[in-house]
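Have a look at the structure below before the remarks.
The values are calculated or read from the model by the stated rules, or taken from the named source; none is laboratory data. Please read all numbers here as calculations on a predicted model, not as lab measurements. Positions of Cβ are generated from backbone atoms using ideal geometry, with glycine treated the same way; all protein chains shown enter the neighbour counts.
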Amino acid sequence: MNRRTRGILVSLMRYVAVIFSALVAIFPIYWMFSTSIKLPNEWVATPSVWFPSRPVLINYQFIFSQAYEYTIGRRPEEATAFYSFAWSSMKPVFDSLILSTFGTLIALFAGTLSAYVLSRYGQKGAPPPVFPLMYRMFPPVAIIVPVVIMYAVLKLIDTYLGIIILYATLTVPLVLWLMKSFFDEIPREIDEAAILDGCSLFGAFYKGVLPLAKAGLAVTGLFIFILDWSDFMGVLLLGGRNVVTIPLKLAEYTSGHGELYGPMAAMGMVAVIPPLILGILIQKYLVRGFTFGAIKG
């Protein structure tokens, strides 16, 4: 086998590996989408139904309506959902957007400022930036009891403010840890030059350093948003009535016929949209943000 043939085979194997990896990554999304447009008898059929025999929208009608009953007829084509669209049915989506957005913004604001101060003015012998993450090593059940008691005393249970504070508190250390690595890669001479030009310490950070860390800020924001967006335990224990998010709503899709996998898949497809849109909006920063701060020297 000559060198040219060997190079062609190596390239072909790389393409096959990339295509296979892409298919493995995309398959769960395809299966969720296909389930969202399947009839009830095809959700958990044996053998599995890879392609819906007759695509339907009753699962989306169910999650976007005030319907609390899901009628499954004797024949598959008789499966219907009582459909009457109402904005109240979108409450889990709106609640998730509100909590995740404000929780992310507060965590980014506090964590970014802390990371900058630690990067520029941290003294030798100070705790490493990973130190604030240590409390996340505790199992949730070890810290949730005192949190619930404190929230009950402060009357923050089942309130938007309480959940937002919880999200921000839990994710600030992650922002601190991630953003410090980005600030460490920005030369200190930029801060000094901005101060010599008449900027205050905050002005040097805001006008000189922060624009150079936009990629890291975008990646960190996306990461924190996804963490808040997918939270289940926090809302389950501290919300549930006035505050209902998408993960909590998914747990309610159960009927006398069993798990409603069709509506679950439909709600799952809806849940994918906001992080996907956010990722598309900041995609120009993603590649640089994932690599910026990873290599030193």
- Return the total of residues in the stretch 243-276 being assigned to a loop (DSSP other than H, G, I, E, B) and small (Gly, Ala, Ser). 2
- Among GLY268, GLY279, GLY293, GLY297, the single one that is under 14 Å from the mean Cα position of the chain (by Cα) and modelled with pLDDT under 85 is GLY279
- Query: Could we say that GLY240 is assigned by TED's automatic domain parsing to the domain that holds LEU113, at pLDDT below 85 and part of a loop (DSSP other than H, G, I, E, B) here?
  - Reply: yes
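For every residue, the table says whether it meets (1) modelled with pLDDT of 85 or more; (2) hydroxyl-bearing (Ser, Thr, Tyr); (3) surrounded by 20 or more Cβ atoms within 10 Å (Cβ to Cβ).
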{"residue": "ARG188", "(1), (2), (3)": "no, no, no"}
{"residue": "ALA194", "(1), (2), (3)": "no, no, no"}
{"residue": "CYS199", "(1), (2), (3)": "no, no, no"}
{"residue": "PHE202", "(1), (2), (3)": "no, no, no"}
{"residue": "TYR206", "(1), (2), (3)": "no, yes, no"}
{"residue": "ALA215", "(1), (2), (3)": "no, no, yes"}
{"residue": "VAL219", "(1), (2), (3)": "yes, no, yes"}
{"residue": "PHE225", "(1), (2), (3)": "yes, no, yes"}
- Can you name the residue in the stretch 1-34 that is at pLDDT 90 or above and of a type in the set (S, T, N, Q) and, of all such residues, is surrounded by the most Cβ atoms within 10 Å (Cβ to Cβ)? SER34
- Starting from residues that are of a type in the set (S, T, N, Q) and not in a helix (DSSP H, G or I), keep the ones in the stretch 57-110 and report whichever is modelled with the highest pLDDT. SER65
- Task: Select from the stretch 227-280 the residues that are of a type in the set (Gly, Ala, Ser) and on the phi < 0 side of the Ramachandran plot and list them in ascending order.
- Result: SER230, GLY234, GLY239, ALA251, SER255, GLY256, GLY262, ALA265, ALA266, GLY268, ALA271, GLY279
- Only one of (1) outside any helix (DSSP H, G or I); (2) at pLDDT below 85; (3) of a type outside the set (Ser, Thr, Tyr) does not apply to LEU133, and that is (1)
- assigned to a loop (DSSP other than H, G, I, E, B), over 18 Å from the mean Cα position of the chain (by Cα), of a type in the set (Val, Ile, Thr) and in the same structural domain as THR112 (by TED's automatic domain parsing), is that true of ILE190? no
